[in-house]
1. Can you find even one residue in the stretch B:100-110 that is in the same structural domain as B:V134 (by TED's automatic domain parsing), modelled with pLDDT under 80 and under 23 Å from B:T140 (Cα atoms)?
2. For A:V183, are the conditions met, namely being closer than 15 Å to A:V20 by Cα, within 13 Å of the chain's Cα centre (by Cα), open to solvent by less than 60 Å² (accessible area, probe 1.4 Å) and touching a residue at least 12 places away in the same chain (Cβ under 8 Å)?
3. Filtering the stretch B:318-354 down to residues that are within 14 Å of B:F274 (Cβ to Cβ) and over 18 Å from the mean Cα position of the chain (by Cα), which residue is surrounded by the most Cβ atoms within 10 Å (Cβ to Cβ)?
4. Which pairs do you get when a residue that is within 17 Å of B:V137 (Cβ to Cβ), found in the stretch B:73-95, comes within reach of a residue that is open to solvent by 40 Å² or more (accessible area, probe 1.4 Å) and among the hydroxyl-bearing types (S, T, Y), reach meaning Cβ atoms under 7 angstrom, with the pair 6+ apart or on two chains?
5. Looking only at the stretch B:178-194, decide whether some residue is facing chain A (nearest Cβ under 10 Å) and open to solvent by 40 Å² or more (accessible area, probe 1.4 Å).
6. Condition (residue is touching a Leu at 6+ places or on another chain (Cβ under 9 Å), open to solvent by 70 Å² or more (accessible area, probe 1.4 Å), modelled with pLDDT under 90 and within 13 Å of chain B (Cβ to nearest Cβ)) applied to the stretch A:141-150: is it met by at least one residue?
7. Please determine, by comparing only the residues of the stretch B:195-219 that are in a helix (DSSP H, G or I) and open to solvent by 30 Å² or more (accessible area, probe 1.4 Å), which one is farthest from the other protein chains (Cβ to nearest Cβ).
8. Going by the structure shown, is A:A96 farther than 24 Å from A:D166 by Cα and open to solvent by less than 20 Å² (accessible area, probe 1.4 Å)?
Amino acid sequence: MLEFDGLTKSYGANRVLDDVTFAVAPGTMFGFCGSNGAGKTTTMRIALGLVRADAGEVRWRGRPLDHEVRRRIGYMPEERGLYPKMRVGEQLAYFARLHGLDARAAGRAADEWAGRLGLGDRRGDAVEKLSLGNQQRVQLAAALVSRPEVLILDEPFSGLDPVGVDALADGLLEQVRGGVPVVFSSHQLDLVERLCDSVGILARGRMVAVGTVPELRQREAGRLLRVVVPDAPRGWAAALPGVRVVSEQAGDTLLALDAGGDDQAVLAAAVRTGRVTHFAWREPTLVELFREAVADDRTPEAVAA
Amino acid sequence: MSELRTPSSAALVRMVAGREVSSRIRDKNFIISSVVIVLLLLGVMAFQVVVNSGSDTSRLAVVDGTEGVGPAVQAQGEAVGLDVELVDLPDEGAARAALEAEEVDAVLLDGGAAPELLLADRDPTLEAVVGSAVAEVAVTGQLVEAGVDLQAVPQLGVTTLEGDDEADGQRVVVAIIGVAVLYGLLILFAQFVAQGVVEEKASRVVELLLATMRPWQLLAGKILGLGVLGLAQIVLIAVVGVTGALAFDVVSVPGELVSTVVTVVAWFVLGYAFYASVFAVAASLVSRQEDLGSVLTPMTILLVAGFVVAIQAAGDPSSTLATVTSYVPGLSPLVMPVRQAAGEVAVWEIALSVVVMLVAIAVVVRVGGRVYAGALLRTTGKTKLREALRAERA
C-alpha cells in the first residue's frame, strides 16, 4: 500500500493541507481531483521529499518514505522539467542513473522507453527541438525509465491531444497491470472516471471525498430523483415532505430527497398530475460529485476505499 | 527492481559533474572562448618576439678598432638597454659594402686621428653609445699614458632594493598575464555555474533532480564538474604559455616563470571554489536568466576590483592597498600572485592569505548551501536571501 497519512502543512497562517489521508493499493490507479490551489501539488511534493510536512507521513509498504525509497518513485512534476539542450536519449539515461541504474542498464532502459513512447528516432535530438506533445512523452519516459515501484504524476494529461491522452492512458494502465500503484492529479474528470479505480477529492487542503467512483455515486444516489411530468403545474412537488426541488423546467424536475423523503409518494404525486414520461434515480457524474464536494465545506466522510 | 542500487553521495556528485563536463564541452561558446584565449596568448608572445628582434640589437662593424673599444661599446650599450653585436671586418671598403647590404647597422672607423661612425640612417642611441665608448677608451688611454693609477678610481657598487630587477620584472609581467587569464576564467566559469543553476530552475528540471538527490550533492557536482573543466583549461593555457615563452625565448629565467605560473594555477583553484559557490548561491535566488545580472553584479564588481588592484599592485607591490587586499577573500586570488611574483612576500603572509580564503570558502559553502537548498524550489520570481534561509530551516 502507498499510504498518505494525516499530511498537514501550513505556509505561515495559510493552512494548505489539513489531515490529508488516503491509500493506494498496488496495481490500482488513484485519481486526485481538486480545484486549483486545493493542495494536490503540495501533497505530491511532500511524497517526493520536495516539501516537508508539518505533520503526517507517506508510507510505501509500511515504511515511511526516505531518500532510498523515493528513488523507486517515478515522478512527473506539474511544471515539466527537462534539460532543454540535452539530447533525449542522454537525458533519459541520466535520470535512470540518478535513480540507481548502472550506466549500461540506463542506456538500455533509455533506448527501450524512447522506443515504446514513439521517440525512437528522436533520441539524438535536443529536447527543446521537440513538439510540446513529444516533450511530454519524454517527461513520462523520464518518470518510467528507472522502472519505478510507484508512480506519482502531477497533471500528466494536461496539454495532450486526444491521441496523446490515449497513448499515455495505455502506458499508465500497463504500469498498473504490472502491479504499480499510480497516483495522478487531473482536472479532466471524465478521464479520471474512466481510468481510476478510486478517486480522492481535495478542497481547500482537506479530503472531502475518497472512494471508488461507484462508492461515491452510491453516497449521492438515492438523493437525486429526476421526474419528467409534462402536464404538471409549476411547483407540483413543492409540498411533498422530505423533498426539495433542485430545478424545474417545463415539467423536467430534479428533486433532492432527504432521509424522510419517500420516492413512492413522489411517484404517486407525479401520476396525479397526468402523464409521467421519466422517473429514475439520477446517477451523478464525477463532475457533479466534484462540484458538490467542493462547493460545500463539509467534514470529510471517507468511504472505505 | 533488483538492478536498482542506491548510488552513494560520491556517485551522485560524479554523475552531476560528468553531465556538466559532457554538456559544456560540446557547447560552441565554450570551444570558441577556449580557442580565442590560446590564440590571444600565442599572439602576445609572437608580438613580444617581433618587438624584441626589431629594436634592441644593433650590429656594429669596427674597423681598425683601438684595443678595448668593442667591449666598451657593448658595456655602454648595456647601460641603456641596447644589445650591440660586434662584427669584425678587415677594411673600410668591406665595411661600407656590409652597411650598404644592411648586414650591419653601423660602421666605426677607428683608424685615423678622428674616429668616424657610418650609419645607414641616423640612430641617436647608437651614436651616443659609440661616442661615449670611444671617448672613454681615449680618456683611459691618455690617463694610462700619463701614469695615472686607475686602480684608485672608485668602482661604483650597485645594489637594488628590489633584488634582481630584470628577473622580478619578468615575473611581474608573467604574473599580470597570469592574473588576467585567471580573472577571465574565473568570470567565465563562475558564470557557467550561475547559468547552469538558473537553467535548472527555469526549466524546472531541478524538481526531478531533487527527488533523487540532496541540494548539496547537486551543487557540489556542478561546481566540481565545471571546476575540473576550468582547471583543465587554465593548465592548458599555462602549458601553451610556458612552452611558447621558452620556445620563442621571450623569458630569460624559466625557473621563475614556471613557479609564477604554478602559483597562478593554485590561486585559480581557490578563487574558483569561492566565486563558483557565491555565484551559484546568488543564481539560485532567481528563476530566469534575465534576472541573473542583477544578483551577480555585486560579486562581479568584487572580481573586477580585484583585477584592478592586481594591475595596480604590479606597479607598486608593496603599497598598503596591495598588502591589505592580498588578504581579503575574493581579492586575494588576484592580488597575491602579483605580490608573490614581485618577491618580498614572506611565507607566513601567503599562508595567512590562503587560510583566510579557505575559511571564507567554508563559510560560503555552509551558509550558501542552505540558501541554495531553500531557494531552489521557489521557481517564481526572485527569492530574498532571508526567505531562502528560513525556508530551509522550516
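The values are calculated or read from the model by the stated rules, or taken from the named source; none is laboratory data. Nothing here was measured: the structure is a model prediction, and the numbers come from that model. Please note: Cβ atoms are built from the backbone with ideal geometry, for glycine as well, and neighbour counts cover all protein chains shown. SASA here: full protein model, heavy atoms, side chains in, ligands and nucleic acids out. Shrake-Rupley method; radii C 1.70, N 1.55, O 1.52, S 1.80 Å.
1. For the stretch B:100-110, residues in the same structural domain as B:V134 (by TED's automatic domain parsing), modelled with pLDDT under 80 and under 23 Å from B:T140 (Cα atoms): present.
2. Details: closer than 15 Å to A:V20 by Cα: yes; within 13 Å of the chain's Cα centre (by Cα): yes; open to solvent by less than 60 Å² (accessible area, probe 1.4 Å): yes; touching a residue at least 12 places away in the same chain (Cβ under 8 Å): yes.
Here the answer is yes, as A:V183 does meet what is asked.
3. Within the stretch B:318-354, the first condition is being within 14 Å of B:F274 (Cβ to Cβ), and the residues that meet it are B:327-336, B:353-354.
Going one step further and asking which of them are over 18 Å from the mean Cα position of the chain (by Cα), we end up with B:327-329, B:353-354.
Numbers: B:Y327: 17, B:V328: 18, B:P329: 19, B:S353: 25, B:V354: 17.
Ranking the candidates gives B:S353 first.
4. B:Q76/B:S132
5. First, pick out the residues of the stretch B:178-194 that are facing chain A (nearest Cβ under 10 Å): none.
No: zero hits.
6. There is at least one residue in the stretch A:141-150 that is touching a Leu at 6+ places or on another chain (Cβ under 9 Å), open to solvent by 70 Å² or more (accessible area, probe 1.4 Å), modelled with pLDDT under 90 and within 13 Å of chain B (Cβ to nearest Cβ).
7. Pass one, the stretch B:195-219, residues in a helix (DSSP H, G or I): B:195-202, B:205-210, B:215-219.
Retained after the next criterion (residues that are open to solvent by 30 Å² or more (accessible area, probe 1.4 Å)): B:195, B:199, B:202, B:215-216.
Numbers: B:Q195: 11, B:E199: 7, B:A202: 9, B:P215: 11, B:W216: 13 Å.
In this case the residue turns out to be B:W216.
8. Working: farther than 24 Å from A:D166 by Cα: yes; open to solvent by less than 20 Å² (accessible area, probe 1.4 Å): yes.
Spelling it out, A:A96 is indeed farther than 24 Å from A:D166 by Cα and open to solvent by less than 20 Å² (accessible area, probe 1.4 Å).
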